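Notes for the one structure printed next.
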């Protein structure tokens, strides 16, 4: 739960940013809160809002969000063996597979700490929704958001997680380097969402293969 509290702060801040952005686009208060409750994916929600703000239709916005959220397919596959129970329980536990919780729960051997992942998500979910509500109600200006660095809090948090992972594993450093190169190459020929999915899947395969070799 302590890990989740550390993630809750940047999640809350990003929720405020999302709520403020949707308010500036005329969403009101209820719509962004419902969106955060149902979608619960910052990157997908920001992609959807950005698409709508640039004049794209609903179909394009939903497509952009779905493309970015496609990364949860390889993430879910990676953590599937660590979930417990029957299909219904595993499906419910699978809802805890969100970026920060999934990354923090990685044990470094291709396996995941199920309890840590679920606990972290139980903190982040209400933080995201409440942050969205506060942002929609108070509507802080984009100038304030940029001045205090609210828009870079979550990326900075992920950078810390990445540095910690790379610091403790030579295998992770090798896989990260290959995945970064693959993402950069794919971004030249496919949409960013697909580039993320492709490089992420390659990274998961590399880490899983490394753990199996070590186990043997």
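In table form, for the structure just shown:
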{"read-out": "Selected residue (only one of 110, 86, 131 is out of contact with any strand residue (DSSP E or B) (no Cβ under 9 Å at 6 or more places or on another chain), at pLDDT 85 or above and surrounded by 17 or more Cβ atoms within 10 Å (Cβ to Cβ))", "value": "131"}
{"read-out": "Residues satisfying the stated conditions in segment 32-47, i.e. assigned to a helix (DSSP H, G or I) and either on the phi > 0 side of the Ramachandran plot or exposed (fewer than 15 other Cβ atoms within 10 Å of the Cβ) (or both)", "value": "34, 37, 38"}
{"read-out": "Odd one out for residue 50 among (1) free of Cβ contacts under 8 Å to residues at least 40 places away in the same chain; (2) crowded, with 16+ Cβ neighbours inside 10 Å", "value": "(2)"}
{"read-out": "Unique match (being more than 13 Å from the chain's Cα centre (by Cα), more than 25 Å from residue 144 (Cβ to Cβ) and surrounded by 14 or more Cβ atoms within 10 Å (Cβ to Cβ)) among 64, 91, 70, 80", "value": "64"}
{"read-out": "Test for residue 96: is it without any contact (Cβ under 8 Å) to a residue 40 or more places away in the chain, part of a loop (DSSP other than H, G, I, E, B) and touching a helix residue (DSSP H, G or I) at 6+ places or on another chain (Cβ under 7 Å)", "value": "yes"}
{"read-out": "Test: residue in segment 192-210 that is modelled with pLDDT of 65 or more, more than 23 Å from residue 41 (Cα to Cα) and touching a helix residue (DSSP H, G or I) at 6+ places or on another chain (Cβ under 9 Å)", "value": "yes"}
{"read-out": "Number of the exception - residue 184 against (1) surrounded by fewer than 18 Cβ atoms within 10 Å (Cβ to Cβ); (2) modelled with pLDDT under 70; (3) within 21 Å of the chain's Cα centre (by Cα)", "value": "(2)"}
{"read-out": "For residue 13: the one exception among (1) under 17 Å from residue 140 (Cβ atoms); (2) at pLDDT 90 or above", "value": "(2)"}
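The values are calculated or read from the model by the stated rules, or taken from the named source; none is laboratory data. Everything numeric here is computed off the predicted structure, so don't read it as measured data. Note: ideal-geometry Cβ built from the backbone for every residue, glycine included; neighbour counts use all protein chains shown.
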